[in-house]
Every structure is written in structure tokens, then in C-alpha cells.
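A.B. asks: Can you read through this structure? Questions will come right after.
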Amino acid sequence: MTKELDWKNLGFSYIKTDYRFISHYKDGQWDKGELTRDNRLHIAEGSTALHYGQQCFEGMKAYRTADGSINLFRPYENARRMKKSCDRLLMESYPEEQFVEAVKQVVRANEKWVPPYGTGASLYIRPFMIGVGDNIGVKPADEYIFSVFAMPVGSYFKGGLKASNFIVSPYDRAAPRGTGAAKVGGNYAASLLPGKEAKERSFSDAVYLDPETHSKIEEVGAANFFGITHDDVFITPKSPSILPSITKYSLLWLAENRLNLKAEEGDVYIDDLDQFKEAGACGTAAVIAPIGGLQVEEDFHVFYSETEVGPITKRLYNELVGIQFGDIEAPEGWIEKV
Ligand code: PLP
Ligand code: COI
């Protein structure tokens with residue numbers, strides 16, 4: 001039996017679901033892990049995650065299809081990206097197959113929280129890892145916890161496919177050769193103040209420029225940027241300090257192979273916004289959020305419209321979401337059944 005929630009009006013907020021998966025690394029090995037109802041962690045005061053930010057996470061979703069089954073979207077990509085984050089922070093990685101199996105266990109155990117097909121909502125899944133144990137020096141932990149929890153969510157940016165406005169931030173979320181490409185908490189801690197300042201001025205979120213030259217667009221809050229040029233090229237930034245978004249790589253492929261556009265990663269100069277007729281943010285939580293206007297210092301640049309989604313962005317959205325919910329045939333290997 002599915003839960004009775006207001007599925008169509010879920011935002012992006014914490015909801016305690018019934019089960020989460022937890023596994024411990026100690027004495028050089030991971031235990032086999034288990035499902036638990038306990039959503040609290042009891043960890044050592046010296047845990048490296050608490051002092052030195054030795055932690056990382058992933059974000060992915062499960063989708064209820066028309067036939068009632070449940071889809072995961074490219075979960076092995078999340079497993080691989082988490083390994084890269086772990087490598088960057090000298091953490092023990094969690095084996096790929098076991099990562100995907102843990103995610104499936106959590107989805108199955110919380111099946112009644114997976115939103116019904118047709119509501120637009122999905123089950124957001126949050127795998128994470130933290131360095132724990134008795135420690136005080138700045139060095140990698142000897143012990144780790146890997147855990148996965150999940151909750152139903154709706155739109156991340158208010159309005160979903162309605163366009164909204166963003167503002168270029170004077171701050172950076174990551175350093176040029178820092179941890180921007182890893183999904184680690186420090187990048188998000190650095191984004192809290194810019195995000196707050198953007199929202200205080202009624203913008204949906206902050207847009208970050210490249211930290212080296214401040215001349216190119218990098219990220220849109222917790223999502224990647226894309227633009228559609230007047231001659232129908234899908235462009236998304238290429239940079240060592242942005243998160244390699246799984247949604248972004250999926251859209252690059254779909255733009256080229258399903259929409260017959262030219263699609264490329266490249267530089268997106270902040271003083272060349274006129275080349276775009278549409279722009280958007282993309283990510284697991286954000287899905288595709290059209291960027292209406294972008295405040296760049298004293299100038300306000302409008303792409304397609306301040307309120308409406310552009311036609312190409314809409315087609316990309318329909319293709320992506322259609323695949324995720326099982327309505328449109330997926331490229332080989334993109335859907336994993338729970
Ligand atoms: N960029 C940042 C900073 C993010 O937090 C996310 C969210 O995961 C993304 C981009 C989008 O990545 P993905 O499409 O893999 O969810
Ligand atoms: C995701 O899209 O999964 C993210 O990680 C964004 C999140 C930080 C809210």
C-alpha cells in the first residue's frame with residue numbers, strides 16, 4: 001500500500017521514511033551492512049567528517065512507472081562518482097555492485113514511500129559516507145560509515161518547469177584545483193552564504209563563475225548549467241571544478257541523438273549570453289529548471305522568458321523525464337529495475 005501524501009505538492013524537504021542501509025568499515029574491511037529503522041548516528045567526537053570535512057555523498061532517484069515497477073536512472077554512474085569523491089578525500093570506497101544493491105534494498109524496504117506514477121514526484125536517494133573513529137590529527141580516518149536513506153520529493157526549484165531568475169555570485173563554491181568535481185560537503189558549506197544572499201534578493205539560487213578567471217559560467221547552485229544557442233547548439237560548461245553531472249551527460253547524449261542538435265561541452269563566457277536563446281539548470285534534484293533571467297552585476301539578462309520554458313528545454317525535459325519514468329525507450333543501460 002502506498003502512503004497517503006499530497007504527492008503533487010511535495011517540495012524538497014526531509015521526510016523520515018521507514019528504513020535506511022548502514023555499513024561500517026573497520027580493521028580494513030566493510031561489514032555486510034544492514035537495514036535499520038534508526039535514523040540517528042552515534043559517532044566518535046574526533047570523527048574526521050566532523051572536523052576536517054572527510055565525507056562525501058550522492059544524489060539519485062527512483063521512479064514509479066506506469067506498470068507499477070520501479071526504475072533507477074544510471075545508478076552505476078553514481079557508484080563510480082562516489083568512488084572518485086572517496087579517492088579525492090582519501091576515503092575507503094564502497095564497492096560498486098554493493099552500492100547499487102544497497103540502494104535497491106532501501107528502495108524496496110521503503111516501497112510505500114515511492115510516489116505513484118503520474119504525480120511527477122519521485123523517491124530521492126541519498127547515499128553518503130563519513131570518516132569516523134577516535135582521531136585528532138589532520139589525516140584520513142581508519143573507520144568509515146556508508147549509509148543510504150531516501151524520501152519522496154517533488155520540485156527542487158519552486159515552480160518546476162516554470163522559469164525563474166538567478167544571480168551571478170561574487171563568491172566561489174570551490175577552488176580552481178580544489179574539490180569542485182567531487183561531491184563533498186565542503187563545496188556545499190561554501191555555497192550556503194551565496195545561496196542565502198541570492199534568495200534574500202528573490203533569486204532562485206546563485207550562479208558560480210570559474211574560480212580562476214571569473215569570466216565563465218560554472219554551476220547553477222547545486223546543478224549544472226546548459227544553454228541553447230540561436231543556431232541550435234546545446235552547450236554546457238567544461239571545467240575541472242564543476243561536478244560532473246550525470247543529468248548533464250545524459251542531456252548531451254539526448255540533445256544529439258534524440259533531438260538532433262549539436263551538443264558540446266565548452267566555455268560559456270558571462271559576457272556572451274546573447275548567443276543563447278534558452279538556458280537551464282540540470283541535475284538529479286533540479287531535473288531541468290529553466291533559467292528565465294540572470295542578474296550579472298548591474299545587468300539583467302533574459303533568455304527565453306522570465307516565466308515560461310523554451311521549446312527545446314521542454315523537449316529535453318520530456319525526453320529525460322519520459323525515460324526516467326519508463327514512458328520513452330531508454331538508451332541501453334540507463335535504466336536499472338529495482
Ligand atoms: N552540480 C552540483 C554542485 C550538484 O550538487 C549536482 C547534484 O547532484 C549537480 C551538479 C548535478 O549532478 P547530477 O546530474 O549527477 O545529479
Ligand atoms: C542532487 O541533485 O542530487 C544534489 O545533490 C543536489 C542536492 C545537494 C540538493
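The values are calculated or read from the model by the stated rules, or taken from the named source; none is laboratory data. All figures in this text were calculated on a predicted structure; none of them were measured in a lab. Cβ atoms come from the backbone with ideal geometry, glycine included; neighbour counts cover every protein chain shown.
A.B. asks: Please work out if Asp172 is acidic (Asp, Glu), in contact (Cβ under 8 Å) with a residue 60 or more places away in the chain and outside any helix (DSSP H, G or I).
C.D. replies: No: the conditions fail for Asp172.
A.B. asks: Count, please, the residues in the stretch 159-215 that happen to be of a type outside the set (Gly, Ala, Ser), touching a Lys or Arg at 6+ places or on another chain (Cβ under 9 Å) and within 15 Å of ligand 1 (Cβ to nearest atom).
C.D. replies: Within the stretch 159-215, residues that are of a type outside the set (Gly, Ala, Ser), touching a Lys or Arg at 6+ places or on another chain (Cβ under 9 Å) and within 15 Å of ligand 1 (Cβ to nearest atom) number 11.
Residue-wise test of (1) aromatic (Phe, Trp, Tyr); (2) over 21 Å from Tyr124 (Cα atoms); (3) in contact with a strand residue (DSSP E or B) (Cβ under 7 Å, 6 or more places away or on another chain); (4) outside any strand (DSSP E or B).
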site: Ile235; (1), (2), (3), (4): no, yes, yes, no
site: Ser250; (1), (2), (3), (4): no, no, no, yes
site: Glu256; (1), (2), (3), (4): no, yes, yes, yes
site: Glu265; (1), (2), (3), (4): no, yes, yes, no
site: Ala281; (1), (2), (3), (4): no, no, yes, no
site: Ala289; (1), (2), (3), (4): no, no, yes, no
site: Gln295; (1), (2), (3), (4): no, yes, yes, no
site: Ser305; (1), (2), (3), (4): no, yes, yes, yes
site: Tyr317; (1), (2), (3), (4): yes, no, yes, yes
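A.B. asks: Would you pick out the residues in the stretch 188-220 that are in a helix (DSSP H, G or I) and touching a residue at least 40 places away in the same chain (Cβ under 8 Å)?
C.D. replies: Answer for the stretch 188-220, where residues must be in a helix (DSSP H, G or I) and touching a residue at least 40 places away in the same chain (Cβ under 8 Å): just Ala189.
A.B. asks: Between residues in the stretch 270-288 that are touching a residue at least 12 places away in the same chain (Cβ under 8 Å) and over 17 Å from Leu161 (Cα atoms) and residues that are more than 9 Å from ligand 1 (Cβ to nearest atom) and among the small types (Gly, Ala, Ser), which pairs lie under 7 Å by C-beta distance while being six or more apart or on different chains?
C.D. replies: Close Cβ pairs satisfying both conditions: Ile270/Ser215; Phe276/Gly227.
A.B. asks: Which numbered condition in (1) within 16 Å of ligand 2 (Cβ to nearest atom); (2) touching a strand residue (DSSP E or B) at 6+ places or on another chain (Cβ under 8 Å); (3) at pLDDT 95 or above is the only one that Gly221 fails?
C.D. replies: It is condition (3) that Gly221 fails.
A.B. asks: Which is within 18 Å of the chain's Cα centre (by Cα), on the phi < 0 side of the Ramachandran plot and modelled with pLDDT under 95, of Lys158, Lys162?
C.D. replies: Lys158
A.B. asks: Same structure again: Select from the stretch 224-245 the residues that are within 16 Å of ligand 2 (Cβ to nearest atom) and touching an Asp or Glu at 6+ places or on another chain (Cβ under 6 Å) and write down the one among them that is farthest from Pro311 (Cα to Cα).
C.D. replies: Taking the candidates together, the pick is Ile242.
A.B. asks: Something else: Please find, among Arg88, Arg74, Arg64, the residue that is on the phi > 0 side of the Ramachandran plot and touching a residue at least 60 places away in the same chain (Cβ under 8 Å).
C.D. replies: Arg74
A.B. asks: Look at Val309 and say whether it is closer than 30 Å to Met151 by Cα, out of contact with any Ser or Thr (no Cβ under 7 Å at 6 or more places or on another chain) and more than 16 Å from ligand 2 (Cβ to nearest atom). Write out each step before concluding.
C.D. replies: On the way: closer than 30 Å to Met151 by Cα: yes; out of contact with any Ser or Thr (no Cβ under 7 Å at 6 or more places or on another chain): yes; more than 16 Å from ligand 2 (Cβ to nearest atom): yes.
The answer is yes for Val309.
A.B. asks: Another question, then. If you check Lys248, Lys199, Lys158, which single one turns out to be among the charged types (D, E, K, R), within 16 Å of ligand 2 (Cβ to nearest atom), touching a Phe, Trp or Tyr at 6+ places or on another chain (Cβ under 9 Å) and closer than 22 Å to Val287 by Cα?
C.D. replies: Result: Lys248 is the single residue among Lys248, Lys199, Lys158 that is among the charged types (D, E, K, R), within 16 Å of ligand 2 (Cβ to nearest atom), touching a Phe, Trp or Tyr at 6+ places or on another chain (Cβ under 9 Å) and closer than 22 Å to Val287 by Cα.
Each row is one residue, and each column tells you yes or no for (1) more than 20 Å from Tyr249 (Cα to Cα); (2) within 16 Å of ligand 1 (Cβ to nearest atom).
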{"site": "Asp271", "(1), (2)": "yes, no"}
{"site": "Phe303", "(1), (2)": "yes, no"}
{"site": "Glu308", "(1), (2)": "yes, no"}
{"site": "Ile312", "(1), (2)": "no, no"}
{"site": "Leu316", "(1), (2)": "no, yes"}
